[in-house]
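Quick note: the coordinates plus some simple rules give every number you see, no bench work behind them. The model shown is predicted, which means the values in this text are computed figures rather than measured ones. Quick reminder, even Gly has a Cβ in these numbers, built from the backbone with ideal geometry, and neighbours come from all protein chains shown.
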Amino acid sequence: MTSHDRATPTTEAQPIPPAGAESAKAAAGGASPGRRVAADLSRRGSLIVVWAALFTTFGVLKPDRFLTVGTLQTIFGSQQALVFIALGALCAFAVGEFDFSVAAVAGLSATLVAVLVSQQGLNVWLAVLMALAAAVGVGAFNALLIIKIGINPIVTTLGVSTLLTGVSSKISNGGSVFLNSPSLYKVAATDVLGLPISFYYGLLVAVVFTYVMTSTPLGRHMLFVGSNRSVARLAMVRVDRIRVGAYVSSSLLCGTGGVLMVGTVGGFDPASASTYLLPALSATFLGTAVIQPGRFNPAGSMIAIYFLATGIVGLQLLGFAGWISDVFYGSALIIAIVLSTLFRRDRRQA
């Protein structure tokens, strides 16, 4: 097997057991089907339980500051860019690829929109299309280097990330860029039930992504490719086409996140793009510990994003300095990778 045939962040695609197989297996193992179902549900919802406990803890420690509408709006209304970046990374991970350029792609898109509108006088929607086209181009470039030429995906995407950061800094003249566009702000940040409308965009994308992954031939092929490319090829799955599509989709989602970010905030500092990478990776891997343990899944990633946001906001309200973000995200990433590895090991042994 060549290096091109190995799926790096493995997401095991397990065959569906015949009817009654789980019950027979449970009986053979001395555990009742009911207990096995309860244990499975407990494992799938473990992160949600921890999230509830974390929320309760902060509520008890800081009830006057944490248990407020403003805090809830901060937790759920400020993660839109991270949602799109994490789901973009998930596109690559689901098919056994790595993409560490996701945050830089979002930063490039945000910078391009602001520069093209504020400094070049372009129509804002034309600028958005150009920014998204640039993001798609980056995804295609990643796919060319990794899939066609055969360069290691970690090295490639880290290099592309550094390249994009430099390009963004150049076109912004090394500083922050600003955007005053009421039309884009309206599309990105209109208040709906106390939250910006882009929050609901993220939910919609996650729902569609989940449907594709669980209920369509494309989703099954993605999991198959992520599990074992050689076997997928023998099964006549168009492996390279799916891998290319994953990189392009990843960059498109990240570019969309960048556009929503600059439209909401009204400005962007290209140097800050890298700060989104660790949270995105932490959320993506931590999401494998919930809903579908051991497998990258959009619903799990969404839960992980808001779990992490709850932890950061709560710790900051307790008086911890800004360094707590790196410590919390880094710890979450390490724990998530350990849990994901253990879950995959259990599934292989099952």
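For the range 232-334, the normalised intensity computed at q = 0.12, 0.19, 0.20, 0.21 Å⁻¹ comes to -0.55, -1.13, -1.20, -1.25 (log10 of I(q)/I(0), Debye sum over alpha carbons, equal scatterers, no solvent).
Taking the Cβ of residue 70 as the centre, find all other residues whose Cβ is under 13 Å away and add up their charges (Lys, Arg: +1; Asp, Glu: -1). Display every interim value, and only then the final one.
Details: positive: 62, 65; negative: 64.
Charge balance in the 13 Å sphere: +1.
Direction-averaged projected area, Cα convex hull, the range 62-214: 11.8 nm², rounded to one decimal.
Multiplying the residue separation of residue 62 and residue 163 by 0.36 nm and removing their Cα-Cα distance gives an extension gain of 32.0 nm.
Could you state the orientation-averaged shadow area of the convex hull built on the Cα atoms of the range 146-229, in nm² to one decimal?
On the way: hull surface 37.8 nm².
Average of the hull's projected areas for the range 146-229 equals 9.4 nm².
Listed by Cβ neighbour count within 10 Å, with the fewest neighbours leading, 99, 240 appear as 240, 99. Counting only the Cα atoms, the range 104-154 fills a convex hull of 64 Å³ per residue.
The ranking of 138, 248 from fewest to most other beta carbons within 10 Å of each one's beta carbon is 248, 138.
Distance from the Cα centroid of the range 185-257 to that of the range 70-94 is 14 Å (rounded to whole angstrom). Rounded to the nearest whole Hz, the Karplus-based 3J(HN,Hα) values (6.51 cos²θ - 1.76 cosθ + 1.60, θ = phi - 60°) of the range 310-318 follow the sequence 4, x, 5, 4, x, 5, 5, 5, 7, with x at glycine and proline.
The order of 282, 183, 230, going from fewest to most other C-beta atoms within 10 Å of their C-beta, is 183, 230, 282. Rg and Dmax of the range 46-344, based on Cα coordinates, read 19.0, 60 Å.
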